[in-house]
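Structure first, commentary second.
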Amino acid sequence: MGNFVTTIPGQQEFLGRVGIGGPPSEHQLTVGGNISAAEAILAGGSITSDSYIYSNNYLGVWGGQPLSGGKVIVEGIDIKSTTVAPFVKGGADFYLKAGPDGTATWDRITDNEIFFDNQYVDGDLTVVGDIIEYAADNVVFSKTSVFSKSLVAGSNTLNTFDKTLFKTAKYVVTLYTSTATTAFEILITHNGTDSEGTTYGIVGAPCGTTLFSAVDVSVTGNTIDLIITATEACDAVAHATAHY
């Protein structure tokens, strides 16, 4: 056991290593349990933890600025939140939104809120929804969408674009069952009341398979509609681009 040396009345210095609640280690003080302090814990160096250091009203200092529970300054590290889900396909739409005073808060993405000025994308681009192109006067110039429907044998109506916004559209249509596939293209145009379309590039697998007998276009309602007469029950997927 080490020696106690009295330095000031009421204070003692222990020359050795101390273990509380367990044997001592290579450190001067080893505590095998929690440490409770009614006031501040002062350290000349860093304080390390395997998990986190928590305080009700004080989180430390960054660059000389105190960090409170409502303000965190982050430089050069990832920001993670345990209260919101991460960005996943079809999942949460939360992001960090910067304020004019330099603060950042978690916010939800709303329509037409985020704009990108970059003209180059290095990598894959996944879009869940439509792709809309605007002209210089902010008028919608084109829109790319995918439409799908399960068809019955006979006449079927596939509603597509808003006819008041677009006058011309081109479709690549795939009809399929578990054993057969038919694909074709159709180009249509209309003036609001009358419409015309031409179908071309018809291919099928097995060779010569045709899952439709006729395709027409109608604008009698509010949308540009493809009228597909199917020879048997099948599914239809139409990838289309409409133009103003």
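The values are calculated or read from the model by the stated rules, or taken from the named source; none is laboratory data. Since we're looking at a predicted model, the values are computed, not measured. Note that each Cβ is placed from the backbone with ideal geometry, even for glycine, and that neighbours are counted across all protein chains shown.
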Output for region 181-211, where each listed residue is more than 25 Å from D162 (Cα to Cα), in a strand (DSSP E or B) and in contact (Cβ under 8 Å) with a residue 24 or more places away in the chain: T181, T182, G204, A205
Residue match in region 212-226 (condition: in contact (Cβ under 8 Å) with a residue 60 or more places away in the chain, within 12 Å of A183 (Cβ to Cβ) and surrounded by fewer than 17 Cβ atoms within 10 Å (Cβ to Cβ)): no
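Condition check ((1) farther than 30 Å from V215 by Cα; (2) surrounded by 14 or more Cβ atoms within 10 Å (Cβ to Cβ); (3) at pLDDT 90 or above) across all residues:
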{"position": "T103", "(1), (2), (3)": "yes, no, no"}
{"position": "D111", "(1), (2), (3)": "yes, no, no"}
{"position": "Q119", "(1), (2), (3)": "yes, no, no"}
{"position": "V140", "(1), (2), (3)": "no, yes, no"}
{"position": "F147", "(1), (2), (3)": "no, yes, yes"}
{"position": "T179", "(1), (2), (3)": "no, no, yes"}
{"position": "D194", "(1), (2), (3)": "no, no, yes"}
{"position": "Y200", "(1), (2), (3)": "no, no, yes"}
Every residue from region 214-244 that is within 14 Å of T193 (Cβ to Cβ) and among the hydrophobic types (A, V, I, L, M, F, W, C): V217, V219, I224
